[in-house]
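A short write-up of the structure that comes next.
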Amino acid sequence: MNTLSLVIQREYLTRVRKKSFIIMTLLMPLLMASLSFVPLWLSTLNDGGEKNIVVIDETGMYAPLLKSTEQYQFQIVEQAQQSEYQAKIGKDLFAILHITDDLNVNPNAISLLSEKESPQDLRAIIEKTLSEKVMQQKLDELSQSGNVSAESILQVRSIVESGSKVSIKIMKWDEDGTVSESSAEIASIIGVVFTILIYMFILMYGNMVMQAVLEEKKSRIVEVMVSSVKPVKLLIGKIIGIGLVGITQLAIWGVLLGFLFTGLSAFIGAPVETTGMSASAEMGDFDMQAALNSVMSVNWIEILVYFLLFFIGGYILYASIFAMFASAVNSEEDTSQFMMPVTLIIMFAFFAGFYSVSNPDGPLAFWASLIPFSSPIVMMVRIPFGIPLWEKILAVVLLYGTFILISVIAAKIYRVGILMYGKKPSIKEMIKWIKYK
């Protein structure tokens, strides 16, 4: 047991002491946030120039309604000038909007001609403006028909203009009889975040195990190590040591996230001196306090416990597979034929997890959360929504039973493959290694 602890200590300390580990642990949350929000922010920016759109309205009813903005300038011209302006498309002119008939009668009598694909926000401006006009036309026709009183038409206009927005308060019934407010959006976000974390860590640290095995084999250091440490203990120590590095990184992120939520909660709850209002009141329609309450109402203890269980089980399962194949080959290039099926399975689990967000109780989510090779990723999507206890226990039992079986097979292949050089073995030969005593 002393040699095993030495291997674990060596694998752990050599990685957590690296400057790259410290820097990435501290900067990774900021980097992930930047990768998520910066592209979203950049997508809202325009190119800084005005886009000129010529409007040819044969009816004369719709063109005056299109108001220019900082980004789009609408210019009304006569139909006779259409050919003249078509030559300018892509140069001084961005697009030509052509309305050929009454849209109340013929809704398809409109086209937008441009050299490039029309931006979605431009189409949204045009469609919203013209749709409102068509709705007014229909109301005017209704009022002129004499079948409906003017007062009723005014009421309909008022209802249409004011709109209506119904907001459903989602309540959750717990097994102990208590009722608490919940949010499907918050549950979806939490599920996706933990799914991405497990997916990322399984790939990252599983590949780290594979690289460590390959480096030791190529440098022949392993030949010296196995003289004092049994190959099985070497494999177990390597997997545990690198796994502890991942848990350490997650723990640091958890502490940083805890400080962030504490500070955010204090900020939102703090009164604003000038108005006496809470900070959340200045956030507009989005109620930050309600969102924070929904986050805090989540059963974080349950989620974190199952996250650790599925992370450990999934990591050991795939790390054993990575180490098994790495021990059987002599270079990274030789691992491709073995790793491609494994990578495809992980990718299937990742996409299954994402598709399960909208239907966490569907057949895909249910079966993928029980299959051991996909359950670590998919189950984390379902847990925030609340699923029966027997499903979670069954998934854990199947996962840990499978990783124990795979670990035993991996250890038998590892003890033979780690000292094999010269050729790349086939699957048939690796099966023979399992039978060696």
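The values are calculated or read from the model by the stated rules, or taken from the named source; none is laboratory data. Remember, predicted model here, so these are calculated numbers, not experimental data. Heads up, the Cβs are rebuilt from the backbone with ideal geometry, glycines too, and the neighbour counts pull from every protein chain shown.
Side notes on the structure shown:
- Test: residue in segment 62-69 that is in contact with a Lys or Arg (Cβ under 7 Å, 6 or more places away or on another chain) and either modelled with pLDDT of 85 or more or in a loop (DSSP other than H, G, I, E, B) (or both): yes
- Every condition in (1) at pLDDT below 70; (2) in a helix (DSSP H, G or I) is met by THR274 except one, and the failing one is (2).
- Qualifying residue in segment 51-59 (condition: β-branched (Val, Ile, Thr), surrounded by fewer than 12 Cβ atoms within 10 Å (Cβ to Cβ) and at pLDDT 70 or above): no
- Filtered by the rule that a residue be modelled with pLDDT under 80 and among the hydroxyl-bearing types (Ser, Thr, Tyr), segment 287-322 gives SER294, SER297.
- Single residue of segment 92-146 satisfying the filter (part of a loop (DSSP other than H, G, I, E, B) and hydroxyl-bearing (Ser, Thr, Tyr)) that is modelled with the lowest pLDDT: SER145
- Test set (1) over 30 Å from GLU185 (Cβ atoms); (2) touching a residue at least 40 places away in the same chain (Cβ under 8 Å) - LEU344 fails condition number: (2)
- Scan of segment 343-360 for residues that are among the aliphatic types (A, V, I, L, M) and over 23 Å from ILE247 (Cα atoms), ordered by number: LEU344, ILE345, ALA352, VAL357
- Among the residues of segment 386-395, the one identified as farther than 12 Å from GLU302 by Cβ and crowded, with 18+ Cβ neighbours inside 10 Å is ALA395.
- Residues of segment 361-382 classified as out of contact with any Leu (no Cβ under 9 Å at 6 or more places or on another chain) and either outside any helix (DSSP H, G or I) or polar (S, T, N, Q) (or both), total: 4
- When each of SER331, SER358, SER336, SER320 is tested for being in a helix (DSSP H, G or I) and farther than 22 Å from THR248 by Cα, the lone residue that passes is SER336.
- When residues in segment 419-437 are screened for being in a loop (DSSP other than H, G, I, E, B) and among the aliphatic types (A, V, I, L, M), 2 of them pass.
- Residues of segment 70-91 that are assigned to a loop (DSSP other than H, G, I, E, B) and either surrounded by 12 or more Cβ atoms within 10 Å (Cβ to Cβ) or of a type outside the set (A, V, I, L, M, F, W, C) (or both): GLU70, GLN71, GLU78, LYS88, GLY90, LYS91.
- Contacts under 6 angstrom Cβ, first residue in segment 384-399 being more than 14 Å from LEU309 (Cβ to Cβ), partner in a loop (DSSP other than H, G, I, E, B), 6 or more apart: PHE385/PRO360
- Residue match in segment 397-418 (condition: assigned by TED's automatic domain parsing to the domain that holds GLY313 and outside any helix (DSSP H, G or I)): yes
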